[in-house]
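Report on one structure; see the data block that follows.
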Amino acid sequence: MVTAVTLVCLLGTQPEAAHARRHAYFSFEDLFGGPPRPHRKRQVAKVTPPEVPLPRPRPVEAPQQQIEEARGEPEIAPNIEAPAKPAEQATPATPAAPTPTPTAEPQVSACRQALTEEIAIAPSIPAMHGPGGCGGDDLVRLEAIVLPDKHRVAVTPPATLRCSMASSIADWVRSDIAPLTQKLGSEITSLDNVDSYDCRGRNGIKGAPLSEHGKANALDVQAFKLADGRSIGLTDRGEPRTFREDVLHSACTRFMTVLGPDSDWYHEEHIHLDLMERHNNYKICQWDVLDPLAKVAPLMPAERPADAPPRKVAKGEGAKTPGVSEQGDKQEETKAAAERAKPEEQHPASKTHRSAKFSSKSKRD
């Protein structure tokens with residue numbers, strides 16, 4: 001009986017042992033398509049948010065003023081635009097024009113501020129910059145110079161100059177030239193401008209160093225015109241010498257370079273003025289004030305009268321015999337030519353030919 005109970009127990013426990021052995025080891029059913037194992041769902045605990053206590057309702061007996069202060073600023077209603085119509089949506093929006101960037105205005109120089117219309121009519125012009133360093137900044141067009149009595153001296157034609165050069169020309173005319181022309185019995189009305197700004201080499205020579213005219217720093221003056229119609233040429237030898245000398249001294253005092261007659265071949269008919277900067281402020285003043293020409297030309301010698309005595313000549317080789325007139329010489333030459341023209345005619349041997357006597361007498365002398 002005991003044996004039977006033991007066998008029954010053994011038979012009952014065998015399937016459970018086989019099932020445990022099957023899961024303990026790897027099997028091909030798990031690799032090639034065995035039935036999927038069911039996955040267990042994870043249970044997530046629900047978190048309940050804490051309850052926020054709401055404020056208690058306001059008592060009915062609260063005053064009205066406190067209610068308005070509690071409300072604070074009124075709430076601004078949102079601006080909700082209505083959707084655009086199909087026609088408005090089809091119209092493209094016009095792009096806004098770009099706003100121009102304001103450009104900084106150039107600063108006005110001290111010279112430009114000082115050169116007012118009470119001194120000169122000289123409007124500013126844009127800066128010019130040419131090849132080789134030509135041109136410059138702070139340029140003006142000098143049209144007229146205003147004298148202290150408000151009278152204007154025209155610059156014909158207007159000169160393109162630097163402001164500093166235009167200011168020096170204006171001071172020169174106002175302070176020096178106007179009083180000098182008044183000594184001539186009239187008033188200056190215009191200044192003849194031969195050349196001002198010109199981008200070129202010195203004296204117009206190609207390849208020469210840049211002229212001060214190329215820097216708008218020079219002016220060539222030929223004459224001053226007066227109110228009575230006279231034109232006073234600065235290089236005209238017929239004008240008063242004292243006036244030209246006074247103009248020379250005033251120009252050489254104010255300008256760095258003054259060139260006129262006898263300086264070179266290029267300044268015989270006008271005066272060159274400039275403000276060229278040199279070492280140690282060295283100046284050049286080359287202008288010879290020439291003396292006036294003679295008003296009456298010397299007389300030519302009168303013709304020699306026909307009855308004048310013969311002129312004596314010095315002795316020498318081939319010299320004529322003294323005491324024999326030119327007219328006699330011509331007669332002798334005519335006779336000698338006639339004798340040579342007739343060789344067949346022989347003179348008598350007893351008669352001595354006059355030409356022979358003349359020749360023998362010449363030998364004795």
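Order of 136-143, 53-60, 241-248 by packing, highest average Cβ count within 10 Å first?
Packing proxy ranking, top to bottom: 136-143, 241-248, 53-60.
Round to the nearest 0.05 the FRET efficiency obtained for Arg152 and Arg230 when R0 = 22 Å and r is the Cβ-Cβ distance.
Once the sixth-power term is evaluated, E becomes 0.75.
Can you give me the orientation-averaged projected area of the convex hull built on the Cα atoms of region 165-283, in nm²?
With the hull built on Cα positions only, its mean projection is 7.6 nm².
For a quick protection proxy, order the peptides 257-267, 283-293 by their average other-Cβ count within 10 Å, most packed first. If you can, show how the numbers build up before the last one.
Numbers: 257-267: 17.7, 283-293: 13.9.
The most tightly packed comes first, giving 257-267, 283-293.
Which whole number in µm²/s is D for region 263-302 by Stokes-Einstein, with the Kirkwood Rh taken over Cα pairs at 4 °C and 1.567 mPa s?
It diffuses with D of about 91 µm²/s by this estimate.
How large a share of the accessible area of region 255-295, in percent, is made up of carbon and sulfur atoms when the probe is 1.4 Å and the other protein chains stay in place?
Numbers: 1400 of 2720 Å².
Exposed carbon and sulfur together represent 52 percent of the surface.
Sorted by average packing, counted as other Cβ atoms within 10 angstrom per residue and highest first, what order do 113-125, 219-231 take? Intermediate results must be reported in sequence, preceding the final value.
Working: 113-125: 14.8, 219-231: 18.0.
Order by mean packing, descending: 219-231, 113-125.
The values are calculated or read from the model by the stated rules, or taken from the named source; none is laboratory data. Owing to the predicted nature of the structure, the values given are computational and were not obtained by experimental measurement. Counting neighbours? That spans all protein chains shown, and the Cβs are built from the backbone with ideal geometry, glycine included. Heavy atoms of the whole protein, side chains included, go into the accessibility calculation; ligands, DNA and RNA do not. Shrake-Rupley method; radii C 1.70, N 1.55, O 1.52, S 1.80 Å.
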